[in-house]
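The values are calculated or read from the model by the stated rules, or taken from the named source; none is laboratory data. This structure is a prediction, so every number in the text was calculated from the model and none was measured. Glycine also receives a Cβ, built like all others from the backbone with ideal geometry; neighbour counts cover every protein chain displayed. Remember, those area values only see protein heavy atoms, side chains included, never the ligands or the DNA or RNA. Shrake-Rupley method; radii C 1.70, N 1.55, O 1.52, S 1.80 Å.
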Amino acid sequence: VSTQSTGAMKIGSNNVFESKCKLGRKLTVGDGCVVSVFCALEKEDHLDDRTVVYGPNNQRRKQQDKPMPQTQQLEFLAKVLPNFHNLKKSNVAASPEPKG
């Protein structure tokens, strides 16, 4: 799952870019914006603060409230992700150190 960005000129804080969205090079994104799944903003454009882009035609609306901070999600991920991080052991035996 990925978001494709070709290097947007300016991206503000507290934004959410959902999976498979595309951001163009000449896009400027304000603070607290949301770009939904499969939305493509590839032309020169500006998203004002708290803009939500959604739907197949990249419809837009303005959020009334500031977006919630992501601290709870970050705490959850910090707790859960290490449980699923499995290190693979190498099948190669360590070479003996040369005696000198």
*ASN14/LYS43 FRET efficiency (R0 25 Å; Cβ-Cβ; nearest 0.05)*: 0.55
*In whole Hz, with x marking every Gly and Pro, tabulate ³J(HN,Hα) for segment 54-70 from phi via Karplus 6.51 cos²θ - 1.76 cosθ + 1.60, θ = phi - 60°.*
8, x, x, 9, 6, 5, 10, 8, 9, 6, 6, 9, 5, x, 5, x, 8
_Percent carbon-and-sulfur accessible area, segment 11-65, ignoring ligands, DNA and RNA, probe 1.4 Å_ = 42
*asked:* Per residue, how much accessible surface does segment 24-72 expose to a 1.4 Å probe? Answer in Å², no decimals.
replied: 70
